[in-house]
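Okay, so here's the structure we're looking at.
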Amino acid sequence: MTRQQQISDLIKLGSRGFLHAAKPVLVIIVAAFIILGAITGRPVFYAVALIAGLLTFAVWQTTPHMLNAAMGLRKGICQSGRVEILLHRWKAAESEHESYRGIISQDGQPLWQMDFVQPRGWIPAIGPHPAELYFIQGVEWPVVLVLQDGILYPGSKPRRPGEFQKFKS
């Protein structure tokens, strides 16, 4: 997927109202499976509710960042900067997971550290990269980073440089 396709997809996704509607609908689905489990006494409904609850939590946490990124691409302020991309690996329940993190800097000064949403349609190269940083009113950090090969945006609230040591280890 090209960078322009990623940008277009994110703008389209961010402009649709279903992202706002998805959050309460997912909560209702979780509640329905819990009620089904209570009524039928079948533990499988509780397991499905747990999985749906984890999905709901992920959507609840990333949706605002996705909407901010789409808005940043549409009408944000662009500034030049750099991002050092790091690969974070961890094990959970006998499976290994990977996610991307980054240290964002401007004028050689580190400003933010971010855990990125899993990139769609490309695999970021580990290491330093020039980036266009997009900012919107009311948000301190860059809401989306446009690199040569693709786009990245935060999956959770970014942190300031004081926490870099914990972040890099």
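Principal-axis analysis of the Cα atoms of the chain puts helix 43-75 at an angle of about 30° to the longest axis.
What's the extension gain from residue 94 to residue 137 if we count 0.36 nm per residue and subtract their Cα-Cα distance?
In short, 11.2 nm is gained.
Between helix 18-40 and the chain there is an angle of about 30 degrees, using the helix long axis and the longest principal axis of the Cα atoms. Only one item in (1) 1.18; (2) 1.26; (3) 0.95 matches Cα Rg over 2.2 N^0.38 Å derived from the coordinates shown, and that item is (1). Tell me, what is the FRET efficiency for residue 32 and residue 59 to the nearest 0.05, using R0 = 22 angstrom and their Cβ-Cβ distance as r? Calculated value: 0.85. Loop-located GluC sites (Glu not before Pro) in the stretch 94-127 (DSSP state other than H, G, I, E, B) with a sparse environment of at most 13 neighbouring Cβ atoms within 10 Å: 94. Axis angle, to the nearest 10 degrees, between helix 3-15 and the longest C-alpha principal axis of the chain: 50 degrees. The mean sequence separation of alpha-carbon pairs under 8 Å and at least six residues apart, normalised by the residue count of the chain, gives a relative contact order of 24 percent. Let me confirm the definition first: pairs of Lys residues in the chain, 8 or more apart or on different chains, C-alpha distance under 30 Å. How many are there? Close lysine pairs under the 30 Å cut-off: 12.
Please build a GNM for the chain, connecting alpha carbons under 10 Å apart, and tell me which residue among 53, 150, 138 fluctuates the most. Maximum fluctuation in the GNM of the chain, among the listed residues, is at 138. Computed from the C-beta positions of residue 123 and residue 39 and an R0 of 30 Å, the FRET efficiency is 0.10 to the nearest 0.05.
Rule-based calculations on the coordinates, nothing more; no lab input. Because the structure is a prediction, the values reported are computed rather than measured. Positions of Cβ are generated from backbone atoms using ideal geometry, with glycine treated the same way; all protein chains shown enter the neighbour counts.
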